[in-house]
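Trainee: I'd like to ask you about the structure that follows.
None of the figures in this text is laboratory data; all of them are computed from the coordinates on show. The structure presented is a predicted model; accordingly, all values stated were derived computationally and were not measured. Using ideal geometry, Cβ is built from the backbone for each residue, glycine included, and neighbour counts are taken over all protein chains shown.
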Amino acid sequence: MKRIVIIIVVLALAGLMFVRLKSNHEKINAQKNISTDLEYVNVTTSKVVSTDYVSELNLVGNLNAYTELDVSSEAQGVITSLNAELGQQKSKGSIIGTIDNRLKQLAVNSAKLSVERLKKDLERYKNLYSGGTATEQQLDDAKNSYDSALIQLEQAEKQLADATIKCPANGIITKKYVENGAFVNIGSAIVSIVDISRLKINLNVSEANVYQLKQGDEVHMTTSVHPGIEFSGNISYISPKGDESHNYQVEIIIPNSSEHPLKAGTFVNVKIELPGKGNGLYFPREALQGSISEARVYVVSDGKAVLRNITIGRENDKSLEALTGLKEGDEVITSGMVNLSDGKAVKVAPGN
């Protein structure tokens with residue numbers, strides 16, 4: 001009997017819990033659907049306007065050094081002098097350091113003596129050959145020995161010159177890999193230099209826009225580092241081949257400014273004016289439903305929201321151009337779309 005009572009109590013509690021959960025569920029659904037049961041939805045709108053435009057391309061990039069390279073040793077040996085400090089400005093051809101060149105200098109001196117000796121031998125054989133007391137073979141051998149000595153002298157002078165480390169381009173030293181007295185091999189990096197007298201910007205431009213660009217076109221650039229200042233440069237290169245996404249690399253070169261200096265790595269906003277001017281129909285971005293490729297907007301017509309498919313053209317931070325689907329003066333809905341559906345009655349807020 002006691003077991004039966006317990007079972008009845010449990011079943012009663014379970015039933016009560018079920019009734020309570022069902023009631024809560026119905027209340028939640030009622031709250032969710034309350035907005036859709038309204039006779040109309042309050043919205044705000046904006047008119048589609050016809051606007052003149054100058055076509056331009058706005059992109060974001062970053063500045064790169066015009067030249068950035070490692071200066072390497074072309075000789076093996078101990079560095080006997082090093083004139084290189086971080087931040088030091090170097091001009092092309094200036095001496096960065098020297099490598100122990102005593103043996104190389106001796107090799108040059110020896111090669112010069114050989115050249116002088118063999119030159120005299122050649123002159124003597126020329127005279128003997130003219131007098132008929134030397135054969136043509138002897139004269140050729142003397143000439144070949146002299147030519148070989150000249151080559152050996154040139155090689156020795158080249159090795160001596162390689163012991164002097166020279167800067168191959170203008171730039172600022174940004175890294176220093178060795179110190180005076182260090183032993184280096186051929187190809188060992190000595191310093192890194194960066195040239196920012198000019199700067200490069202590499203951008204990826206879409207296929208739709210890249211055909212409107214040409215080498216030499218003027219480009220304008222701004223950066224938050226120097227607010228209100230506009231820099232100018234020119235397109236130096238347009239890639240003849242696009243990537244898998246049909247984007248093409250475009251390189252821009254701008255001169256660095258002494259009044260408003262720039263550094264490599266700085267983010268910049270680039271503006272490129274495209275050929276042609278025109279007129280288009282524009283509406284606020286917030287009215288857009290869906291994506292740019294599958295764009296739709298709600299338009300107020302006879303007190304109802306009508307969903308229209310449109311085609312997007314040009315765009316900027318605030319507005320989109322409608323190529324099809326809209327006409328000047330159409331009222332597009334910019335807020336209140338959460339509860340909207342095609343054909344739903346709407347009430348436009350005052351002032352719209």
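Trainee: Only one of the values (1) 5, 24, 35, 25, 9, 2, 0; (2) 5, 13, 13, 13, 12, 11, 10, 8, 6, 4, 3, 2, 1, 0, 0, 0; (3) 6, 28, 38, 23, 4, 0 was calculated from this structure for P(r) over Cα pairs in 10 Å bins from 0, in percent; name its label.
Mentor: (2)
Trainee: Along segment 147-161, what does the Karplus equation 6.51 cos²θ - 1.76 cosθ + 1.60 (θ = phi - 60°) give for ³J(HN,Hα), rounded to whole Hz, x for Gly and Pro?
Mentor: Taking θ as phi minus 60°, the curve returns 4, 5, 5, 4, 5, 5, 5, 4, 5, 5, 5, 5, 5, 5, 5 Hz for segment 147-161.
Trainee: Further question on the same structure: Within the set of other residues whose C-beta is less than 13 Å from the C-beta of VAL210, count the net charge using Lys and Arg as +1 and Asp and Glu as -1. Write out the running numbers ahead of the final one.
Mentor: Working: positive: LYS214, LYS241; negative: GLU207, ASP217, ASP243, GLU251.
Computed value for this residue: -2.
Trainee: What is the distance in Å between the Cα centres of segment 208-251 and segment 68-133?
Mentor: Their Cα centres are 46 Å away from one another.
Trainee: Quick one: of LYS271/LYS327; LYS47/LYS347; LYS214/LYS271; LYS92/LYS200, which pairs are farther than 18 Å apart, Cα to Cα? Working shown, then result.
Mentor: Details: LYS271/LYS327 29 Å; LYS47/LYS347 15 Å; LYS214/LYS271 15 Å; LYS92/LYS200 20 Å.
Violating the 18 Å Cα-Cα cut-off are LYS271/LYS327; LYS92/LYS200.
Trainee: Could you order the peptides 64-74, 284-294 from most to least packed, using the average number of other C-beta atoms within 10 Å per residue?
Mentor: Numbers: 64-74: 17.8, 284-294: 13.9.
Ranked from most to least packed, the peptides come out as 64-74, 284-294.
Trainee: Amide H of GLU74: which non-local residues (sequence gap of 5 or more, or other chain) have their own amide H closer than 5 Å, using H built in the peptide plane?
Mentor: Under 5 Å from the amide H of GLU74: GLY187.
Trainee: Which one, GLN105, VAL268, ALA163, is farthest towards the positive end of the dipole of the chain when Lys and Arg carry +1 and Asp and Glu -1 on their Cβ?
Mentor: Working it through, the farthest residue towards the positive pole turns out to be VAL268.
Trainee: For the chain, what is the charge dipole size about the Cα centre, in debye to the nearest 20, if Lys and Arg each add +1 at the Cβ and Asp and Glu each add -1 at the Cβ? Show your work: numbers first, answer last.
Mentor: On the way: 38 positive and 41 negative charges, 294 e Å.
For this selection, approximately 1420 debye.
Trainee: Still on this structure: Could you order peptides 241-249, 117-125 by the average number of other Cβ atoms within 10 Å of their residues, highest first? Walk me through the intermediate numbers first.
Mentor: Values: 241-249: 11.8, 117-125: 15.6.
Put in order of decreasing packing, that is 117-125, 241-249.
Trainee: Could you give me the ³J(HN,Hα) list for segment 67-73, computed from phi with Karplus coefficients 6.51, -1.76, 1.60 and θ = phi - 60°, whole Hz, x at Gly and Pro?
Mentor: 9, 9, 8, 8, 8, 10, 6
Trainee: In whole Hz, what ³J(HN,Hα) sequence does segment 277-294 give by Karplus (6.51, -1.76, 1.60; θ = phi - 60°), x for Gly and Pro?
Mentor: 10, x, 9, x, 9, 10, 9, x, 4, 5, 7, 5, 10, x, 9, 4, 6, 10
Trainee: Would you mind counting up the charge near VAL178? Only other residues with Cβ under 15 Å from its Cβ, with Lys and Arg at +1 and Asp and Glu at -1.
Mentor: Numbers: positive: LYS175, LYS176; negative: ASP70, GLU74, GLU85, ASP100, GLU179.
For residues surrounding VAL178, the net value is -3.
Trainee: Give me, ordered by chain and number, the residues 5 or more places off ALA134 or on other chains with an amide H under 5 Å from its own placed amide H.
Mentor: Those lying under 5 Å, H to H, from ALA134 are TYR129.
Trainee: In addition: Treat every Asp and Glu Cβ in segment 218-352 as -1 and every Lys and Arg Cβ as +1, leave all other atoms uncharged, and give the resulting dipole magnitude about the Cα centre to the nearest 20 debye. It would help to have the intermediate numbers written out before the result.
Mentor: Working: 13 positive and 17 negative charges, 77 e Å.
Once rounded to the nearest 20, the dipole reads 380 debye.
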